[in-house]
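Below: one structure, written as structure tokens.
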Amino acid sequence: MNAEKKYQDLIIRSLTGELTGEENRTLQEWLDAAEENRKKYEETVFLWETSQVYQKANDREKERDWHIISERLQVHAEKRYYPPTGKKHPGKIREFLKIAAIFIAAFTLAWFVYRYQPGHSGKKQIPSYCQVITTKGQKARVILPDNTVVWLNAESRLEYPVSFNNHNRQVMLSGEAYFQVTKTADRNPFLVKTSDLNIRVTGTRFNVKAYPEEDIVETTLIDGSVTLLRKTGNTYQAIKLKPDQKATLIKKGANIRIDDVRADRPTLPLMSISTRKTTVSKEKIIISPDVNIKSHTAWKNEELVFESESFEDIAYQLERWFDVHIVFKDASLKKYCYTGKFIHKESLEQILNVIQMTTPFQYK
């Protein structure tokens, strides 16, 4: 295996989460060695994100097609372009050729993906997408084209194609959802894309909490296995979870502390951050083992569970649960903590009345 093919394979394996620790160090050293290597890496990532061809093609097809793509990139990068005036502009030429080469490769690889799909008629087919949106106070249950079942929490959005092909089962999530993914005979991957990371699975059950306005993204694995794919600079970090584990991504600039992440309950953003003196300077991922699965997925069963949570955090959940806005006239009440379990059949007034039994407050 020549050096170029070796690093191409390492890049692809980094995107699928299959690199060993030693291979990851080898790839990182190669990236740091030359700017040209980083450019090749970025182009490969661009091609990968444009297509899922590497997940279905056999080794002979992959080697042949990648050779074709590489040759086209090289040919077009060596060409020279002269504008109509006859004057040369090397900087603009290089930028033009770089963009042209990337798009040529992208279209070429897209054609390979289309060619690999069984039963294609030769006509261009544009996938159609469905969108399911829930508002505050609403939940939804969705069955995807491959029979995967998704429970969608309040104030969430799920986008998915009308039909899945044999190479790609991909959905986009904003908010919170519980997935029960159907395992296919040939173990085609299922990909959940959020604004901050991607989650790659085959057949498993897991919960994803990814509200864009919140400081965290949490993935809790019930059974099976998932791989989190997160871009860090010019490389992709792959993190595999085991059952009963939770991965919490703390976003850059977040006002969440590491000790705010707990195994017994979901991490909730505080409504008031005025007391925080510092913010997170860069993204962090925390793995919590042996999490309380019931507390993380109770919402799916129409249950509201509190485990020693502050009144402030409880109010945040009640706002989303009942589509209301809660204002504390007395800030000292925010610090009171409660443990309890409620079902959605109970009204907001009933829940507040129960809390009121142990805390002297009035509400209207």
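The values are calculated or read from the model by the stated rules, or taken from the named source; none is laboratory data. Since the model is a prediction, treat every value here as computed from it, not as a measurement. So basically every Cβ, Gly included, is an ideal-geometry build from the backbone, and we count neighbours across all protein chains shown. Heads up: the accessible areas ignore ligands, DNA and RNA and are worked out on the full protein's heavy atoms, side chains in. Shrake-Rupley method; radii C 1.70, N 1.55, O 1.52, S 1.80 Å.
Across Thr26, Thr204, the residue with the most accessible area heads the list, and the full order at a 1.4 Å probe is Thr26, Thr204. Once you order the gyration tensor axes a ≥ b ≥ c over the Cα atoms, which shape class does the range 209-259 get: rounded for a/c under 1.5, otherwise prolate or oblate by comparing a/b with b/c? It is oblate, given that a/c is not under 1.5 and a/b is not larger than b/c. Using Cα pairs under 8 angstrom and six or more residues apart, how large is the relative contact order of the range 308-351, in percent? Computed value for the range 308-351: 49 percent relative contact order.
Peptides 192-203, 31-42 ranked from most to least packed, by the mean per-residue count of other Cβ atoms within 10 Å: 192-203, 31-42.
The residues of the range 152-239 have, on average, 33 Å² of accessible surface per residue, using a 1.4 Å probe with all protein chains present. If you add up the charges near Leu304, with Lys and Arg at +1 and Asp and Glu at -1, over every other residue whose beta carbon is less than 10 angstrom from its beta carbon, what do you get? Taking every Cβ under 10 Å from that of Leu304, the sum is -2. Of the residues Arg141, Arg205, ranked by 1.4 Å probe accessible area with the largest first, the sequence reads Arg141, Arg205. Stretching Ser281 away from Lys136 to a fully extended chain increases their span by 49.1 nm, per 0.36 nm per residue minus the current alpha-carbon distance. The slack between Glu23 and Met357, meaning 0.36 nm per residue of separation minus the straight C-alpha distance, is 114.3 nm.
Think of the range 237-364 as having a plus end and a minus end, set by charges on the Cβ of Lys, Arg, Asp and Glu; of Ile355, Gln237, Val291, Gln237 sits farthest toward the positive end of this dipole.
When you count the other C-beta atoms within 10 angstrom of each residue and take the mean per peptide, 287-294, 218-225 line up highest first as 218-225, 287-294. Ignoring ligands, DNA and RNA, what percent of the 1.4 Å accessible area of the range 285-364 is carbon and sulfur? Carbon and sulfur: 53 percent of the exposed surface of the range 285-364. With 23 Å as the limit on Cα-Cα distance, the pairs of Lys39/Lys242; Lys193/Lys246; Lys6/Lys284; Lys5/Lys240; Lys300/Lys364; Lys139/Lys242 that go past it are Lys39/Lys242; Lys6/Lys284; Lys5/Lys240; Lys300/Lys364; Lys139/Lys242. Would you work out the relative contact order for the range 134-261, in percent, from Cα pairs under 8 angstrom that are 6 or more residues apart? Relative contact order comes out at 16 percent. Based on Cβ point charges of +1 for Lys and Arg and -1 for Asp and Glu, what charge dipole magnitude is obtained for the range 128-181 about its Cα centre, in debye rounded to the nearest 20? With Lys and Arg at +1 and Asp and Glu at -1, about 100 debye. Note on the range 127-242: dipole from Cβ charges, positive end direction compared against Gly203, Leu152, Thr134; the farthest Cα belongs to Gly203. Oblate is the label for the range 185-269, because a/c, from the alpha-carbon gyration tensor with a ≥ b ≥ c as root eigenvalues, is 1.5 or above and a/b does not exceed b/c.
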